[in-house]
1. If residue 249 passes every condition in (1) assigned to a strand (DSSP E or B); (2) more than 15 Å from the chain's Cα centre (by Cα) but one, which one does it miss?
2. Write out, first by first residue and then by second, each pair whose Cβ atoms fall under 6 Å of each other, whose residues are 6+ apart or on separate chains, and whose first residue, in the range 472-489, is buried (at least 22 other Cβ atoms within 10 Å of the Cβ) while the second is small (Gly, Ala, Ser) and not in a helix (DSSP H, G or I).
3. Sort through 587, 606, 560 and tell me the only one that's modelled with pLDDT under 85, surrounded by fewer than 22 Cβ atoms within 10 Å (Cβ to Cβ) and small (Gly, Ala, Ser).
4. Just checking, which of 517, 504 is assigned to a loop (DSSP other than H, G, I, E, B), modelled with pLDDT under 75 and open to solvent by 20 Å² or more (accessible area, probe 1.4 Å)?
5. Just to be sure I understand the filter: pairs with C-beta atoms under 8 Å, separated by 6 or more residues or on different chains, first member in the range 543-561 and over 9 Å from residue 486 (Cβ atoms), second member surrounded by fewer than 14 Cβ atoms within 10 Å (Cβ to Cβ). Which pairs pass?
6. If residue 187 meets every condition in (1) without any contact (Cβ under 8 Å) to a residue 12 or more places away in the chain; (2) open to solvent by less than 10 Å² (accessible area, probe 1.4 Å) apart from one, which number is that one?
7. Checking the condition under 20 Å from residue 589 (Cβ atoms) and either modelled with pLDDT under 80 or assigned to a strand (DSSP E or B) (or both), which residue from 511, 522 passes?
Amino acid sequence: MLTRRDTLLKTISGLEKRKEALQRELESIDTELQTHKCIYAQILNDEAPIYRLPHELLTDILITCQEHSRLSSRRVSGSVPFQVAASHVSHRWREIVLGTPLLWNTIDFRVRPTNHVQRRIFSLLEAQLTRSGNCFLDITLDFHVVDGLAPYLTLLGLHSERWRRLSIITRYEQVGDIRVFLQDAKTPVLEHLSLSLGKPQDGSLSPRQRYHDVLPSILPLATERLKFVRLAGLALGNHHPPLTFVTTLHLDGWTRNYMTHDQFQHILLSATSLINLSLNQLCIHFPRDPMDIIRPINLPNLLRLRIRGSCSPISRPLSLMNMPNLQSLFLQCVDTFDSNIVSSSVQTLALEACSFDDAEIGLLLRAFPNVTSLSIDDSVPDIFSMLRPGETESDPWPRLDTLTVRDLLVVDVPPFCDMVFTLGENKRGLEKVLLDRRSRTSLRKRHRLDWLQDIVTVENSDNPEPWPLGLGLTVITDFACLNCCVGQHELLNAIAYCKDTLQLPLAFELVHMPYRLLSSSVLPDGSPKVDREDFLLKHIGKDKFTKLQAAISKWGEEKGVPISFHGVMSQTTRAHRLCQKAYQLGGQDFQIPLLCAIFKAHMEEGQDIADNEVLATLAEKTHVMSKEEAIAFLESDQLEKEVNAMCDDVRSKGVTGVPMTIIDGKWAVSGGQSSDVFVQVS
């Protein structure tokens with residue numbers, strides 16, 4: 001007979017079994033419920049508009065969103081990358097993200113001691129290289145570790161043929177690791193190289209040491225696609241790639257080293273395609289022997305120059321460079337301006353944290369007389385009074401029409417407003433003033449912002465402009481070339497379409513480079529006048545002439561440009577000289593109207609553009625200079641050597657036909673292409 005204790009134990013055992021059964025049933029119900037919820041959520045997702053999008057379109061949207069997130073701001077350390085976050089949205093998105101190599105081809109990692117020891121970053125790097133497939137790679141690696149770089153660099157080296165952008169930053173002086181990594185790398189598609197090795201140490205200025213070597217020592221197989229190079233810290237003087245095709249070069253100096261003028265000149269001589277040059281904290285030593293003659297390097301393609309820091313007097317780098325087409329100069333954190341150079345081609349001048357006194361500002365005014373756009377901050381308040389007409393012997397910067405002001409102090413509001421008012425009273429008023437937030441606040445405190453907006457166009461400029469700014473267009477052309485006339489019309493139409501219709505945020509900087517199709521043996525300068533049609537028939541033959549005439553005539557009818565095959569065939573050296581003079585006097589604003597006028601006179605009206613009277617009349621009509629000044633210039637030999645050197649330089653680079661348009665130093669468009677071609681490239 002069961003006791004009461006045995007009965008209770010049996011009852012408890014039965015209840016526990018029932019409980020277990022109920023729990024199993026509950027778990028089964030929960031599983032079934034979750035399954036049905038997932039099915040229901042899948043149905044809702046499938047019915048959502050975004051899930052009805054084709055796979056390819058959703059892929060393009062994700063790529064666009066990733067690009068926007070990358071450009072809008074730099075990712076905060078520890079945050080989830082866009083492609084990883086997108087892969088967590090749904091199964092379909094995960095499949096798309098993992099199956100889209102373009103979402104994984106941008107590699108941006110900081111290797112710190114913690115994630116380095118755990119090999120977490122190394123694992124992520126492996127995964128991202130695998131998922132990127134065969135796409136080009138844009139790589140940024142920032143090393144904060146003393147050693148252990150070799151595994152990362154070896155892994156990247158296996159994919160060197162896919163590098164498009166490579167940026168390596170080290171906080172320590174791992175010169176040897178980087179040399180091994182890059183000395184034999186095959187980089188057929190590399191466009192952008194940035195190396196910053198070591199952390200500059202303030203105070204260790206003496207004794208300085210000479211930079212080791214500036215000869216090419218890495219990337220021996222770099223191609224003409226390499227357009228951007230930045231060398232900072234110990235990379236300068238240790239890791240130099242070939243610079244033949246580089247258009248943008250940044251040289252960031254090292255406080256412990258100096259560069260001889262021979263080394264600096266060697267770098268410039270090797271960078272024959274240079275358009276943008278930035279010099280930061282670069283100490284340049286001149287020879288001690290006063291009998292040594294230092295000749296400047298000719299840089300005909302250089303358009304923009306930036307000098308930062310004050311390790312050397314600014315007169316040293318400026319004296320080592322001959323920059324006949326320089327358009328823009330940016331000075332940042334420069335203590336003194338001691339140069340006596342004169343550059344009539346500079347139109348844009350920017351000063352940031354430059355505490356120049358009145359004498360130095362006076363040198364600036366004389367050095368760059370044709371400035372049209374000026375950007376300043378609170379470091380040079382005296383410039384407001386010096387820009388007032390009558391303050392100096394001659395009116396400073398008579399063509400100034402755009403002024404950008406940053407960090408305007410309240411105390412500087414009166415002289416600033418007085419300058420703007422005085423310029424307007426003397427019919428030299430500014431067309432546009434750009435102000436940052438602090439400057440607008442200072443003007444508002446003195447009740448001058450509304451007043452300023454009534455007399456001049458005021459725009460906000462809260463974010464610093466990137467450097468270099470603008471889309472550079474280098475047009476190699478000859479006035480004797482019919483296709484060059486076509487190309488000039490189409491290029492200007494494309495620029496107008498990009499600005500007015502597409503409203504692209506681009507500043508176009510157009511530079512004309514001379515070319516002579518006709519050698520002096522074929523058509524000597526000063527020879528008897530030759531009819532264009534007779535000349536072409538003789539030198540290209542009847543069949544080619546007939547095809548050329550048909551194509552040009554058809555284009556002229558469509559565009560309303562009456563191209564004539566009659567008129568005089570002339571040598572174009574004088575016309576090229578006059579165009580270069582126009583560029584020196586007023587940049588592209590002077591050169592382009594004169595260029596168009598010469599083409600019109602020669603190709604439409606059949607005028608002789610080797611005639612000084614014809615050219616001088618055109619110079620006067622386009623307001624470049626008076627007719628008397630133009631004749632005096634043309635009868636001299638001014639700029640003749642420069643034009644000849646430019647023509648020789650262009651031919652030495654392999655250009656055998658014109659027109660040739662080089663866009664931003666990256667793309668070359670040959671022949672008289674339609675405006676659609678230029679728009680697509682832009």
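1. If we test residue 249 against (1) assigned to a strand (DSSP E or B); (2) more than 15 Å from the chain's Cα centre (by Cα), just (2) comes out false.
2. That search, which allows pairs on different chains as well, returns 486/672; 487/672.
3. Working: 587 fails: surrounded by fewer than 22 Cβ atoms within 10 Å (Cβ to Cβ); 606 fails: modelled with pLDDT under 85.
Sole residue among the options that is modelled with pLDDT under 85, surrounded by fewer than 22 Cβ atoms within 10 Å (Cβ to Cβ) and small (Gly, Ala, Ser): 560.
4. On the way: 517 fails: modelled with pLDDT under 75.
Step by step, each of 517, 504 is checked, and only 504 is assigned to a loop (DSSP other than H, G, I, E, B), modelled with pLDDT under 75 and open to solvent by 20 Å² or more (accessible area, probe 1.4 Å).
5. Qualifying pairs under 8 Å: 548/540.
6. (1)
7. Details: 522 fails: under 20 Å from residue 589 (Cβ atoms).
Matching residue, one of 511, 522: 511.
For (1) free of Cβ contacts under 8 Å to residues at least 60 places away in the same chain; (2) in contact with a Ser or Thr (Cβ under 7 Å, 6 or more places away or on another chain); (3) among the basic types (Lys, Arg), each residue gets a yes or a no:
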site: 237; (1), (2), (3): yes, no, no
site: 248; (1), (2), (3): no, no, no
site: 256; (1), (2), (3): yes, yes, yes
site: 278; (1), (2), (3): no, no, no
site: 288; (1), (2), (3): yes, no, yes
site: 300; (1), (2), (3): no, no, no
site: 315; (1), (2), (3): yes, yes, no
site: 318; (1), (2), (3): yes, yes, no
site: 322; (1), (2), (3): yes, no, no
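The values are calculated or read from the model by the stated rules, or taken from the named source; none is laboratory data. Please read these numbers as outputs of a predicted model, since none were measured by experiment. Every residue, glycine among them, receives a Cβ derived from its backbone with ideal geometry; neighbour counts consider all protein chains shown. For the accessible areas, the whole protein counts, side chains as well, though only heavy atoms, and no ligand, DNA or RNA atoms are used. Shrake-Rupley method; radii C 1.70, N 1.55, O 1.52, S 1.80 Å.
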